[in-house]
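Down below is the structure, laid out as structure tokens.
The values are calculated or read from the model by the stated rules, or taken from the named source; none is laboratory data. This is a predicted model, so every value here is computed, not measured. Using ideal geometry, Cβ is built from the backbone for each residue, glycine included, and neighbour counts are taken over all protein chains shown. Note: areas computed on protein heavy atoms with side chains; ligands, DNA, RNA excluded. Shrake-Rupley method; radii C 1.70, N 1.55, O 1.52, S 1.80 Å.
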Amino acid sequence: MLSDRFGRSIDYLRVSVTDRCDLRCTYCMPKDFKDFEDPPDWLSFDEMERVIAAFARMGTRRVRLTGGEPLMRRHLPQLASRLSALPGLQDLSLSTNATQLARHAGALKAAGISRINVSLDSLDRDCMARITGRDSLPQILAGLQAAKEVGFAPIKINMVAMRGVNDQEIDAMVEFCIEHAFVLRLIEVMPMGATGQDTSYLGLDTVQRHLRDKFGLVPQALELGGGPARYLATPDGRSSIGFITPMSQHFCATCNRVRLAVDGTLYLCLGQEEKFELRPLLRGGASDAELEQAIRAAIELKPQQHDFGRQPEKIIRFMSQTGG
């Protein structure tokens, strides 16, 4: 098994297939940002498959395709089909803003994507336009409907909770997710780059108590994926609400993931600078054994915890550059 120097098993790899996105969410990417990676510097599908296969041989069982917006990478279902056939890989999932999901849901399901997470921060059309930079809600809802129709389950809704922006809509989002049998995950914003640092933080402890009382939520022991969310369930057990609290109650001691950016940079922590460049090895003739050795050396760099609490200004890269 692949483990770091603190004894944490690394069984979850998030792979950014592009740093580009058709939205400009206020906490993720500046509205006028154009400093994207040049296409020659993107890992090819062959290179991505080779890295992921190496991780799978070393015990990584979960892979999530992310971005930017992953559906902006052409022929993504082809990559998904190749990855879903890798020995040892047990779970292949996708994070998306769903603006293009209506066109691709069927192909993604057929290619072996087992689960999807959709970013949806508001059900108010004007509010979503302010958060995402354009009128995106109708496309997102159409994408969610298409995902349901082709049989994706569970479908998780990721809502970044922001004070004074969308906090007044959390109850409505809970009701929407209960109605449609979606799993809602509320997320505290992280101070990554100027965008994250300028976003109004909302701790989820008060929100959790309110929702517990209003909807009669009870603790849920069932694991829903390999992520850090702590779940509560409705009394009938049909709906779940997760709370991801990297700031108010961090989960660094059990962190099981690393992130591969589209340029081949392996990021070991969202809130630290440790990283390892894999692209030179991939394009320099490294053997599979040398690639695995490099990955193990990279995992040794993984820090014990993030530094957002003490140095919120430390990380200047944006979330879209790291991979979701």
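Laid out as a table, the results:
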quantity: Where the chain is the region considered: accessible area per residue in Å², 1.4 Å probe; calculated: 42 Å²
quantity: Proximal lysine pairs, the chain, alpha carbons under 24 Å, eight or more residues apart or interchain; calculated: 10
quantity: Helix axis angle, 101-111 relative to the chain longest principal axis, alpha carbon, degrees; calculated: 50 degrees
quantity: Euclidean distance between Cα centres, the stretch 131-169 to the stretch 228-295, Å; calculated: 23 Å
quantity: Listed candidates (1) 32, 62, 6; (2) 27, 49, 21, 3, 0; (3) 29, 58, 13 - label of the one calculated as P(r) over Cα pairs in 20 Å bins from 0, in percent; calculated: (1)
quantity: Extension gain, D46 back to Q304 (0.36 nm per residue minus Cα-Cα distance, nm); calculated: 89.7 nm
quantity: Accessible area of M1 in the full protein assembly, 1.4 Å probe (Å², nearest 10); calculated: 140 Å²
quantity: Angle in degrees between helix 45-57 and the longest Cα principal axis of the chain, rounded to the nearest 10; calculated: 90 degrees
quantity: Fraction of accessible area attributable to carbon and sulfur, the stretch 12-322 (%, probe 1.4 Å); calculated: 51 percent
quantity: Angle in degrees between helix 137-150 and the longest Cα principal axis of the chain, rounded to the nearest 10; calculated: 70 degrees
quantity: Y231 accessible area, 1.4 Å probe, all protein chains in place, Å² to nearest 10; calculated: 20 Å²
quantity: Of the trypsin sites (Lys or Arg not before Pro) in the stretch 35-88, those whose Cβ has at most 14 other Cβ within 10 Å and which sit in DSSP loop; calculated: R74
